[in-house]
Amino acid sequence: MDLMLRDVLIIPKPDVSSIFRSNIIIEDNIISEISPQARMRDPEYIISGKSFVVLPPPINSHTHLPMTLLRGYSDNKPLLPWLEDVWKIEGKFNAKWIALGAKLACLEMIKAGSGGAADFYFHEGTITKVLEEAGIRGWLGSGILPSAFVDQGGYEFQLEEFERTIDLTKKSSLLTPSIAPHSQITVPEEYILKTADLAESHQIPIMIHASETRKEVMDSEEKYGVPPVERLEQIGFFREGTKEIVAHCTWITQREVEILGKYHATIGWCPVSAQKLAYGGVTPVPELRAAGAMVALGTDGTASNNTLDLWREMREAVNVVSAARWDPALYTAEHVLEDTNWSFRRNFHPQSLIEEGNQADFAVLDFNKPHLQPTHNVISNIVYAANGSDVHSLIVNGNLLMHDREVLTLNEAEILLEIEEKSKELF
């Protein structure tokens, strides 16, 4: 697809000093030129206007895509009672429901200007097909939880699904397989080590939940004498050369901060979900960043958030750190923008950063809105005022997924009708 972005404001890095106005030419999925003088004969689409702001689209560092079907089903409950509600319905999920929930999630992500997601779920082979159709980047964490899918074979069934996902993603330019043991508390040590071996041998990322609640930490200390992240290091979960995505880390010690920094682990931080489920702690983001860990913003699933809107998540993230630490300068708008639109991408797909010769991934925000004016500071407006609905167009891998709020890769009306007609069957 040949595209031209004309006279747009470009944010190539998450700092105000890097911003400039220019034209961008996209040819055969690649950024061929960034220059005020750049021209293109007969582009398929032109996105033009001084009100447009262009930056890399956010990538969701931790979510559970099919759980869109559970949005609003169980609210105002702490984690364990909430999980009991959720698991009752998830027990009915088969490939049909997984595909339907993933379609709704992809539609929501595109409408909110997200360029990709690190998904942590089951039946990832089914989800690969939906993501390919939608045109979104995906890191597909095949869930490992021996107590799940027992009727289908439990752990062995989940490993078969993992191998299938690897095969389905081999030729994809958008998708990366991953393996995802649920947590150090719910998955026996031998299975955690087997999954770490698989991640190492396949040279793929590994995902896990850790230190989500104070109870989880206390249970780990009672059973093993150390909290979850420290226990994971003890048993050999972290490997040199393997990229770990550790979700939540709401209740971690300074020693665990240092462990995560030592291995340059990516922290899938989900502040809205943590607030809603009343975890009571706040992930020590400034310390993790200082230690060398890669903090990346996520939403968690829509059963506990209840949206996939990462622009909304940014505002909550920066405010919760400021409030919890009594310091509005400790974690700034520039920091959270970096952790939403740059950090995960730098670590897992640097070839899609805004540079000539790279794959073209752009979110185009329309600042011609009352709540985005005046523009004293573009980054401030993005973090503190913008929403996913302000995204005018979305480009991923050089393909236009949404233009002027119209989704081009999925049939929005058809998906919404299908959700309305079929979702009631689950309940």
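So residue 371 passes all but one of these: (1) more than 19 Å from the chain's Cα centre (by Cα); (2) within 30 Å of residue 205 (Cβ to Cβ). Which condition number does it fail?
So the condition that residue 371 fails would be (2).
Inspect all residues belonging to region 132-141 and state whether any of them is within 15 Å of residue 202 (Cβ to Cβ), of a type in the set (Asp, Glu) and either without any contact (Cβ under 8 Å) to a residue 60 or more places away in the chain or assigned to a strand (DSSP E or B) (or both). Before the answer, list the steps.
We begin by selecting, within region 132-141, every residue within 15 Å of residue 202 (Cβ to Cβ); these are 139-141.
If we keep only those that are of a type in the set (Asp, Glu) as well, we get none.
No, that holds for no residue.
Just to be sure I understand, how many residues within region 9-33 are crowded, with 21+ Cβ neighbours inside 10 Å, outside any loop (DSSP other than H, G, I, E, B) and touching a strand residue (DSSP E or B) at 6+ places or on another chain (Cβ under 6 Å)? Please lay out each step first, then the result.
From region 9-33, those crowded, with 21+ Cβ neighbours inside 10 Å are 11, 14, 24-26, 31; that's our starting set.
Those left that are additionally outside any loop (DSSP other than H, G, I, E, B): 24-26, 31.
So of that shortlist, the ones also touching a strand residue (DSSP E or B) at 6+ places or on another chain (Cβ under 6 Å) come out as 24-26.
Total satisfying the criteria: 3.
Could you list, in sequence order, the residues of region 216-251 that are in contact with a strand residue (DSSP E or B) (Cβ under 8 Å, 6 or more places away or on another chain) and not in a strand (DSSP E or B)? Steps first, answer last, please.
Pass one, region 216-251, residues in contact with a strand residue (DSSP E or B) (Cβ under 8 Å, 6 or more places away or on another chain): 216, 228-229, 232, 237-238, 242-249.
Correct list: 216, 228, 229, 232, 237, 238, 242, 243, 249.
Could you please give the count of residues in region 197-213 that are out of contact with any Leu (no Cβ under 6 Å at 6 or more places or on another chain) and in a loop (DSSP other than H, G, I, E, B)? Working first, answer last.
First, the residues of region 197-213 that are out of contact with any Leu (no Cβ under 6 Å at 6 or more places or on another chain): 197-212.
Next cut, in a loop (DSSP other than H, G, I, E, B) only: 203-205, 211-212.
Number of matching residues: 5.
How about region 190-239: which of its residues are in contact (Cβ under 8 Å) with a residue 12 or more places away in the chain, loosely packed, with under 14 Cβ neighbours inside 10 Å and more than 28 Å from residue 275 (Cβ to Cβ)?
Once the filter is applied, which keeps residues that are in contact (Cβ under 8 Å) with a residue 12 or more places away in the chain, loosely packed, with under 14 Cβ neighbours inside 10 Å and more than 28 Å from residue 275 (Cβ to Cβ), region 190-239 yields 203, 236.
In region 384-394, what residues are touching a Leu at 6+ places or on another chain (Cβ under 7 Å) and closer than 23 Å to residue 349 by Cα?
Within region 384-394, 391, 393, 394 qualify.
Let me confirm something: among 336, 396, 364, which residue is of a type in the set (A, V, I, L, M), closer than 28 Å to residue 69 by Cβ and crowded, with 17+ Cβ neighbours inside 10 Å? I'd like the intermediate steps shown before the answer.
Values: 336 fails: closer than 28 Å to residue 69 by Cβ; 364 fails: closer than 28 Å to residue 69 by Cβ.
Matching residue, one of 336, 396, 364: 396.
Residue 304 - would you say it is in a helix (DSSP H, G or I), of a type in the set (S, T, N, Q) and assigned by TED's automatic domain parsing to the domain that holds residue 106? Steps first, answer last, please.
Numbers: in a helix (DSSP H, G or I): no; of a type in the set (S, T, N, Q): yes; assigned by TED's automatic domain parsing to the domain that holds residue 106: yes.
No, not satisfied.
Restricting the search to region 52-94, which residues are among the polar types (S, T, N, Q) and surrounded by fewer than 18 Cβ atoms within 10 Å (Cβ to Cβ)? Can you show your working first?
Pass one, region 52-94, residues among the polar types (S, T, N, Q): 60-61, 63, 68, 74, 76, 94.
The answer is 74, 76, 94.
Between a residue in region 72-84 that is touching a residue at least 24 places away in the same chain (Cβ under 8 Å) and any residue that is among the hydroxyl-bearing types (Ser, Thr, Tyr), which pairs come within a Cβ distance under 6 Å, given they are 6 or more apart or on different chains?
79/213; 82/74
Which of the numbered conditions does residue 127 fail, given that it passes all the others? Conditions: (1) touching a residue at least 40 places away in the same chain (Cβ under 8 Å); (2) out of contact with any Ser or Thr (no Cβ under 7 Å at 6 or more places or on another chain); (3) part of a loop (DSSP other than H, G, I, E, B).
(3)
The values are calculated or read from the model by the stated rules, or taken from the named source; none is laboratory data. Everything quoted here is computed from the prediction, not taken from an experiment. Every residue, glycine as well, gets a Cβ built from its backbone with ideal geometry; the counts of neighbours run over all protein chains shown.
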